[in-house]
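Structure first, commentary second.
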Amino acid sequence: MNSPIQNATARERILSRLHASGTHETIVPDVPMPAALNLDRDEKVERLTALMTAIRTDVHIVENGAWQDKLKELARERGWGKMLYGPQGPLGQDIETTWSTDADGLPELVAYTQPVETFKDELFNIIDVGITSSRGGIAETGAVVLWPT
């Protein structure tokens, strides 16, 4: 028998998940705006992390080139079934290579190759997680710059 979540629309599923997660108090860190925007790299990372964490974003800091191992670790821990990715995007080849060498316990890769209008049912009812790249982050505001291609 299908559960109510399986029969719900995408909107109802999202709202159901939000309601099921309960309410959480968002704690905004005391991170004052610097007088001068001359932050060094470590200060930028610390500020961006604090501001993103304040809006319940998971932040994982990894060494350059080690993101694939962290992604696999998270995928296995969280039990994702299907992961949407862009094969032509900047991460596509790395994801395919990573999965081809060690896919045990990893989600099935689903290539995002269709216009979103023709892909909505699968996107909202089948996909557990999606991965995208970003152009950068703005430490002063905690913003991430997405640049779809």
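The values are calculated or read from the model by the stated rules, or taken from the named source; none is laboratory data. If you're wondering where the values come from, they're calculated on a predicted model, not measured in any experiment. Here the Cβ positions follow ideal geometry from the backbone for every residue, glycine too, while neighbour counts run over all protein chains shown. Only protein heavy atoms, including side chains, enter the accessible area calculation; ligands, DNA and RNA are left aside. Shrake-Rupley method; radii C 1.70, N 1.55, O 1.52, S 1.80 Å.
Here are some notes:
- Which numbered condition V45 misses (of (1) more than 26 Å from R17 (Cβ to Cβ); (2) not in a helix (DSSP H, G or I)): (2)
- Scanning segment 103-129 for residues that are of a type in the set (F, W, Y) and open to solvent by 50 Å² or more (accessible area, probe 1.4 Å) turns up Y112, F124.
- When the criteria are applied in full, T132 meets the requirement of being surrounded by 14 or more Cβ atoms within 10 Å (Cβ to Cβ) and either modelled with pLDDT under 95 or touching a strand residue (DSSP E or B) at 6+ places or on another chain (Cβ under 7 Å) (or both).
- Residue check for E77: of a type in the set (D, E), farther than 22 Å from P29 by Cβ, surrounded by fewer than 10 Cβ atoms within 10 Å (Cβ to Cβ) and without any contact (Cβ under 8 Å) to a residue 60 or more places away in the chain: yes
- Of all residues in segment 100-116, those satisfying the criterion of being closer than 16 Å to L71 by Cβ and of a type in the set (A, V, I, L, M, F, W, C) are A103, L106, L109, V110.
- Residue match in segment 115-126 (condition: within 29 Å of R11 (Cα to Cα), among the hydroxyl-bearing types (S, T, Y) and without any contact (Cβ under 8 Å) to a residue 12 or more places away in the chain): yes
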